[in-house]
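Written below as structure tokens is the structure these notes are about.
The values are calculated or read from the model by the stated rules, or taken from the named source; none is laboratory data. Just so it is clear, the model here is predicted, and its values are computed rather than measured. As a convention, Cβ positions derive from the backbone with ideal geometry for all residues, glycine included, and neighbour counts pool all protein chains shown.
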């Protein structure tokens, strides 16, 4: 039996630009340390590095902005844990598992990826090509989110250390700024 597209996607490990490792991923998470209590002592906001990646992804998604990863593969890194394991266990920090979040991400990627999923269903393209397209979309949204976060930190190094800082980023999102009214269909009235 062929694997579902979701399962193939979940086995992948997204890439990101190494330049964000120290300034963002390690700055806000216990990236590379596993689940520990050290983060709280160091003021870390997130446990695993993929949690920061998820935030960056949603920032890019909510603003509907993508940015291609740098072409130099020596400046690209992966998180070290496939998507299928993200948020599967309760953490020492008291966070509850959040396995449904992966399904929401996948759904958003299917909706936002320019790919002919009908051709996939007909067997005209491989599942690998579909997953590659989904991963590219995911990485590009996250990359834009990382650049957004970096810009905020350049303006104010403590920007994200306010209790509601990440929430405020999402609350300031305005759908009217990302969609053009010129693209709306003409009224039938």
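So the values come out like this:
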item	result
Long-range neighbours under 7 Å by Cβ, at least six apart or interchain, first residue on the phi > 0 side of the Ramachandran plot and without any contact (Cβ under 8 Å) to a residue 12 or more places away in the chain within segment 119-147, second assigned to a helix (DSSP H, G or I) and surrounded by 17 or more Cβ atoms within 10 Å (Cβ to Cβ)	none
Residue ID - farthest from the chain's Cα centre (by Cα), chosen from residues in segment 1-52 that are at pLDDT 85 or above, within 19 Å of residue 144 (Cβ to Cβ) and in a helix (DSSP H, G or I)	23
Among (1) on the phi > 0 side of the Ramachandran plot; (2) modelled with pLDDT of 95 or more - the single one residue 57 does not satisfy	(1)
Of all residues making up segment 71-99, the number that are over 19 Å from residue 57 (Cβ atoms), modelled with pLDDT of 80 or more and surrounded by 11 or more Cβ atoms within 10 Å (Cβ to Cβ)	1
Test: residue in segment 113-128 that is modelled with pLDDT of 95 or more and under 15 Å from the mean Cα position of the chain (by Cα)	yes
